[in-house]
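To start, the structure itself, in structure tokens.
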Amino acid sequence: MNVERTQALEEVILNDTLSGLPKRDRIFEILSGAEDKGASLAADFIMRTDDEATTDYLAQYLELIPDAQSDKVRAAEKLRGDETLVRSAARLVPWLPDELLDGFVADYLTAADPNSPLADVLFTIAIHAPGRLRPVADKIDDRDMHRGMLSGAPDELVDAFREKWRREQDSSLLEALALIRTDYAADQIESLRDEIEDHPDWELLLELAGKLPDSEERAGYRPAYMGFLGEKNESPHTLGGAFAGDVPLCHECEAPAVRILTLEAKSLPFTLEHNASFFWYSCECGAMDSTTVRVGAGETVVYYGPSGPADPELSLVPGGERSLLLEEHRNQVGVSMEAVPGASWYQVGGLPQWVDTDRHPRCPECGSVMPFLAAIAGGSTRFGEFGYEGVLYGFWCDRCRVSSTKYQD
Ligand SMILES: [Zn+2]
Ligand SMILES: [Zn+2]
């Protein structure tokens with residue numbers, strides 16, 4: 001039963017001597033051990049409290065667990081009724097029905113203040129459900145929201161950007177076209193190849209739109225999933241934990257890298273034959289911005305740098321080893337808004353949401369440009385903090401069993 005946890009949570013929430021991160025961490029700890037991962041308890045307390053910080057800790061917690069849609073919807077409906085607390089509803093957007101999202105959009109337009117707490121809700125709508133904003137785009141004056149709304153925009157806008165670019169040769173129009181990320185947008189970038197061949201970014205634009213420049217393959221897998229940290233072995237996809245075999249070593253201090261993520265191929269609908277593993281440096285030298293490794297078949301090959309035995313004591317994942325739970329992403333086209341580092345988001349499949357738009361790496365074995373497979377952003381989790389603050393982007397050549405991991409912050 002959740003009775004004891006309800007009392008424990010009440011004590012922590014009413015305890016005025018406890019505040020900030022210690023309070024949040026204590027709330028997360030109590031909720032994590034509850035039935036249904038604490039979703040109904042977190043929503044119950046959102047219904048009962050009017051304290052801004054407490055409300056946001058509870059909403060943060062709900063954002064970090066998958067599913068539990070009905071609890072998230074009732075929490076968001078309560079928050080919608082308060083002009084300050086409504087900010088925390090931004091965390092629940094991926095799970096809210098279209099009608100409720102439309103309600104938040106209408107509230108934002110009525111508030112007539114672009115800096116109202118409702119703006120946070122609209123930013124998240126621009127990431128997960130940009131189609132809800134497009135009908136009122138001309139009433140929204142915000143550069144980031146407009147960038148988000150490019151995702152999945154209709155073919156007529158692709159055509160308009162293409163023709164305007166032909167007239168004005170302004171390369172920002174091509175980037176906007178690529179950020180629409182539909183198959184049609186990618187086809188148009190591809191068809192412009194002869195016209196923009198001298199453009200140094202042609203390949204980058206095509207990858208951004210969702211196609212690889214040297215093959216007919218897509219730049220990412222379908223469908224796209226949001227990831228959530230689970231207990232060890234709760235899902236077949238492993239975060240952190242000991243890795244048997246050699247790993248990359250830091251070029252400066254020679255500290256061994258650690259395994260960040262292994263995705264189990266047979267548990268994903270991506271037609272992968274091999275489990276994909278991604279690595280990152282455990283030290284804080286910041287000497288490298290990527291690492292490339294061939295894994296499997298009892299051996300590891302590290303490219304472009306030194307390698308050595310893994311240290312089973314090291315981990316960048318809170319608690320040492322966790323698993324990655326997956327839930328289908330609401331935005332299957334690909335997010336166009338720039339990513340925020342350190343914001344605790346995880347993605348498998350789909351197209352990369354970049355902090356700074358960048359190229360996909362090439363596989364050192366076959367020379368092909370590699371598709372994107374996963375992103376793991378650092379930050380707070382319900383089990384503690386990651387050992388890095390930026391975003392790790394994982395690319396995978398399944399033919400050669402080679403992973404390349406890029407870091408941005
Ligand atoms: Zn180092
Ligand atoms: Zn390859």
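Shape verdict for region 83-180, please, from the Cα gyration tensor: rounded (a/c under 1.5), prolate (a/b greater than b/c) or oblate. Working shown, then result.
Values: a/c = 2.64, a/b = 2.14, b/c = 1.23.
Since a/c reaches 1.5 and a/b is larger than b/c, the shape of region 83-180 is classed as prolate.
Can you bin region 221-408 into rounded, prolate or oblate? Criterion: square roots of the alpha carbon gyration tensor eigenvalues sorted a ≥ b ≥ c, rounded for a/c under 1.5, prolate for a/b above b/c, oblate for the rest. Kindly include the intermediate steps, with their values, before the conclusion.
Values: a/c = 1.29, a/b = 1.15, b/c = 1.12.
It is rounded, given that a/c, with a ≥ b ≥ c, falls under 1.5.
Between D144 and E52, what's the calculated FRET efficiency when r is the beta-carbon distance and R0 is 25 Å? Round to 0.05.
Values: r = 24 Å, r/R0 = 0.95.
The calculated FRET efficiency here is 0.60.
Using 0.36 nm per residue of separation minus the Cα-Cα distance, give me the extension gain between T84 and T271 in nm, one decimal. Could the numbers behind the result be given before it?
Details: separation 187, 0.36 × 187 = 67.32 nm, distance 4.62 nm.
Gain in length upon complete extension: 62.7 nm.
Return the Cα extents of region 113-228 along principal axes one, two and three, sorted largest first, each rounded to a whole Å.
Dimensions of region 113-228 along the principal axes of its Cα atoms: 46, 39, 22 Å.
Given the pairs K211/K232; K72/K406; K23/K232; K139/K406; K139/K164, which span a C-alpha to C-alpha distance of over 29 angstrom in this model? If you can, show how the numbers build up before the last one.
Values: K211/K232 35 Å; K72/K406 33 Å; K23/K232 25 Å; K139/K406 37 Å; K139/K164 23 Å.
Going by Cα-Cα distance, K211/K232; K72/K406; K139/K406 fall outside the 29 Å limit.
Convert 10 °C to kelvin, take the viscosity as 1.306 mPa s, use the Kirkwood radius over C-alpha pairs of region 326-409 as Rh, and evaluate the Stokes-Einstein diffusion coefficient in µm²/s, rounded to a whole number. Provide the component values of the computation, followed by the final result.
Details: Rh = 13.5 Å.
Once the numbers are plugged in, D ends up at 117 µm²/s.
According to the square roots a ≥ b ≥ c of the eigenvalues of the Cα gyration tensor, what is the shape class of region 170-226, taking rounded for a/c under 1.5, prolate for a/b larger than b/c otherwise, and oblate for the remainder? It would help to have the intermediate numbers written out before the result.
Numbers: a/c = 2.21, a/b = 1.57, b/c = 1.40.
It is prolate, given that a/c is not under 1.5 and a/b is the larger ratio.
Do the sum for the chain: with -39,500 (n - 2.57) for every DSSP H run of n ≥ 4, divided by all residues, what is the mean residue ellipticity at 222 nm, to the nearest 500 deg cm²/dmol?
Values: 12 runs with 130 residues, N = 409.
Taken over the chain, the calculation gives -9500 deg cm²/dmol.
Count charges around E365 for me, please; just the other residues with Cβ under 9 Å from its Cβ, Lys/Arg as +1, Asp/Glu as -1. Write out the running numbers ahead of the final one.
Working: positive: R294, R399, R401; negative: none.
Computed value for this residue: +3.
Among residues other than W165 whose Cβ falls under 12 Å from its Cβ, what is the net charge (Lys/Arg +1, Asp/Glu -1)? Mind showing how you got there, number by number?
Values: positive: R162, K164, R166, R167; negative: D159, E163, E168, D170, E175, E195.
Surrounding charge for W165 is -2.
Could you work out how far apart the two model spin labels at D356 and Q332 are, taking each label as a point 7 Å from the Cα in the direction of the beta carbon, and quote it in nm?
Going by the 7 Å Cα→Cβ label model, 3.4 nm.
Quick one: grab Rg to one decimal and Dmax as a whole number for the chain, Cα atoms only, in Å.
22.1, 68
Quick one, what does Rg over Rh come out to for region 43-97 if you take C-alpha atoms and the Kirkwood Rh? Don't skip to the end; give the middle numbers.
Numbers: Rg = 9.6 Å, Rh = 10.7 Å.
Rounded to two decimals, Rg over Rh is 0.90.
Mind checking the full-extension length gain between E4 and L21? Use 0.36 nm per residue of separation minus the Cα-Cα distance, one decimal, nm. Mind dumping the intermediate values first?
Values: separation 17, 0.36 × 17 = 6.12 nm, distance 2.27 nm.
Length difference between fully extended and current span is 3.9 nm.
What share of all Cα pairs of region 1-89, in percent, falls into each consecutive 10 Å distance bin?
The percentages, shortest bin first, are 18, 56, 26, 1.
Write down the Å³ per residue value for the convex hull defined by the alpha carbon atoms of region 195-316. All intermediate terms of the calculation are to be shown ahead of the outcome.
Working: hull volume 18.9 nm³, N = 122.
Expressed per residue, the convex hull around the Cα atoms of region 195-316 is 155 Å³.
Computed from the coordinates by the stated procedures, all read-outs in this text should not be read as laboratory data. Because the structure is predicted, anything quoted here is derived from the model rather than measured. All Cβ positions, glycine included, derive from the backbone under ideal geometry; neighbour counts span all protein chains shown.
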